[in-house]
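Novice: Sharing a structure, written as structure tokens. Questions coming.
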Amino acid sequence: MKKLIAMFVILILLAAGFLGYQGYERSQQTGLFADASVYFEEQDYQKAIQLFEEAKEHHSLFSGSLEEEFSYYQAEAYMNLEEYDKAIAIYDEYIKENEKESMNYVLKGYCYMQAKEYDQAVDVYKTAYEKTKDGEFLLNLCNVYITTEEYDQALSLISKHQDLEDEDTVRQLLFSEIAIYEKQQDYSTAYEKAKAYVESYPDDADGIKEMEFLESRQ
């Protein structure tokens, strides 16, 4: 009986020691995160990244969502340093964990756009739309084509707007259509598109302004 009691006491002590250690690691991690956040706000991104890396070494059972939070801060620090490949590597890890989460595709695509790696951005947005069905990625894809002056690609994408259920996405795509014809200096077509747009969205001030401008070019 005494042996059982002694064994039970030892197990309790071991458990208490283990939990105490986990709590200590969480405390260390929290402190490092707080320090890193200060350097981040001061735009000392290299120092912030160093502390974020140190914080990762103090993983514990109690880390919870804290590690995800400082990973995103770390990725943003890399973006601010224009080390886009390192930021993308972080977003890729989260994409692997959840392919249907839109935010990581948005951030990954943004990195490629900032790096002017437009073909990669196109691939990201296509994959993102396939996985999430989020209309935002069609808008992003359209904007890439406009940026690279691939207007036929953009117009082909816009022509399929009838298949979309997200009315706000449709509206923004149709407004982009006006801009494309205007960029091509096809003011007559742009004006006709603007008139049709205003008929569909009579309360859209930007649409009205664009139509009035294009009317003056006729």
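The values are calculated or read from the model by the stated rules, or taken from the named source; none is laboratory data. Everything numeric here is computed off the predicted structure, so don't read it as measured data. All Cβ positions, glycine included, derive from the backbone under ideal geometry; neighbour counts span all protein chains shown. Accessible surface is based on the protein model in full, side chains and every heavy atom, while ligands, DNA and RNA are left aside. Shrake-Rupley method; radii C 1.70, N 1.55, O 1.52, S 1.80 Å.
Novice: Go through the range 92-108 and give me each residue that's of a type in the set (Ser, Thr, Tyr) and either modelled with pLDDT under 95 or open to solvent by 50 Å² or more (accessible area, probe 1.4 Å) (or both). Give the steps one after another, and end with the answer.
Specialist: Quick first cut of the range 92-108, residues of a type in the set (Ser, Thr, Tyr) only: 94, 102, 105.
Correct list: TYR94, SER102.
Novice: Which ones in the range 147-165 are under 20 Å from TYR105 (Cβ atoms) and buried (at least 17 other Cβ atoms within 10 Å of the Cβ)?
Specialist: Result: ALA154, LEU157.
Novice: With the requirement that a residue be without any contact (Cβ under 8 Å) to a residue 24 or more places away in the chain and open to solvent by less than 50 Å² (accessible area, probe 1.4 Å), what does the range 109-132 give you?
Specialist: Residues satisfying the conditions are ALA121, VAL122, VAL124, TYR125.
Novice: Right, another one. Got at least one residue in the range 58-68 being charged (D, E, K, R), surrounded by 15 or more Cβ atoms within 10 Å (Cβ to Cβ) and either at pLDDT 85 or above or under 30 Å from HIS161 (Cβ atoms) (or both)? If you could, list the steps in order and put the result at the bottom.
Specialist: Here is the first cut: in the range 58-68, the residues charged (D, E, K, R) are 67-68.
Filter again for surrounded by 15 or more Cβ atoms within 10 Å (Cβ to Cβ), leaving 67.
Checking which are either at pLDDT 85 or above or under 30 Å from HIS161 (Cβ atoms) (or both) leaves us with none.
Taking every residue of the range 58-68 in turn, none turns out to be charged (D, E, K, R), surrounded by 15 or more Cβ atoms within 10 Å (Cβ to Cβ) and either at pLDDT 85 or above or under 30 Å from HIS161 (Cβ atoms) (or both).
Novice: Sticking with this one: Can you give me the ranges of the helices (runs of 4 or more DSSP H) entirely in the range 144-218 with at least 2 residues that are at pLDDT 90 or above and within 20 Å of LYS133 (Cα to Cα)? Before you say what the answer is, go through the steps one by one.
Specialist: Values: elements: 151-158, 167-183, 187-200, 205-215.
Correct list: 151-158, 167-183.
Novice: Let me ask you something else. Enumerate the pairs (first residue in the range 169-194 and crowded, with 18+ Cβ neighbours inside 10 Å; second residue anywhere and assigned to a helix (DSSP H, G or I) and basic (Lys, Arg)) with beta-carbon separation below 7 Å, excluding pairs fewer than 6 apart on the same chain, so at least 6 apart or on different chains.
Specialist: GLU177/LYS193; ILE178/LYS193; TYR181/LYS193
Novice: Next question. Quick test of your reading of the structure: MET79 fulfils all but one of (1) of a type in the set (A, V, I, L, M); (2) more than 11 Å from the chain's Cα centre (by Cα); (3) open to solvent by 50 Å² or more (accessible area, probe 1.4 Å). Name the failing condition by number.
Specialist: (3)
Novice: Which residues, counting only those in the range 30-52, are modelled with pLDDT of 75 or more, open to solvent by 30 Å² or more (accessible area, probe 1.4 Å) and among the aliphatic types (A, V, I, L, M)?
Specialist: If the condition is that a residue be modelled with pLDDT of 75 or more, open to solvent by 30 Å² or more (accessible area, probe 1.4 Å) and among the aliphatic types (A, V, I, L, M), then VAL38 is the only one that fits.
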